[in-house]
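Engineer: Handing you a structure now.
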Amino acid sequence: MSLAGELLGLWAPIMRTFELITGSHGKFDIFLDGQLVFSKVAAGRFPKPGEVAALFEKKLGPGPHWRGGSA
């Protein structure tokens, strides 16, 4: 699953905006509701698996079980 798919799958109903900005010179920034959550330039690396989801969870709480799956 892609990073965007993971994040949207968990928090789409409660996010106002989510931006993933990539560009030349290694730019890879992730914003949640207008606030920078992760920057590859600042961290010096790409995010580790689950790292961005953990950062989103700190801001939004656990992902809701909105798809009707078991809790």
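Laboratory data are not the source of any read-out in this text; all were calculated from the coordinates shown. Remember, it's a predicted structure, so these values are computed and weren't measured experimentally. Cβ coordinates were reconstructed from backbone atoms using ideal geometry, including for glycine residues, and neighbour counts include every protein chain displayed.
Engineer: Can you tell me the length gained on complete extension of the stretch ALA4 to LYS40, counting 0.36 nm per residue apart and subtracting the Cα distance?
Structural biologist: Result for the pair: 11.4 nm of gain on full extension.
Engineer: Given Cα pairs under 8 Å that are at least 6 residues apart, what percent is the relative contact order of the chain?
Structural biologist: Relative contact order comes out at 24 percent.
Engineer: Here is a follow-up. At most 15 other C-beta atoms within 10 Å and a DSSP loop state: those are the exposed trypsin sites (Lys or Arg not before Pro) I care about. Give me the longest piece of the chain that has none.
Structural biologist: 46-66
Engineer: Pairwise over distinct Cα atoms, reciprocal of the mean inverse distance: report the Kirkwood radius of the chain in Å, one decimal place.
Structural biologist: Radius from the Kirkwood sum: 12.9 Å.
Engineer: Which residue, GLY61, GLY34, GLY44, has the most motion in a Gaussian network model of the chain that connects Cα atoms within less than 10 Å?
Structural biologist: GLY44
Engineer: How large is ³J(HN,Hα), in whole Hz, for each residue of region 9-24 in order, when computed from phi with the Karplus curve 6.51 cos²θ - 1.76 cosθ + 1.60 and θ = phi - 60°, using x for Gly and Pro?
Structural biologist: x, 8, 10, 3, x, 10, 8, 7, 9, 9, 10, 10, 10, 10, x, 5
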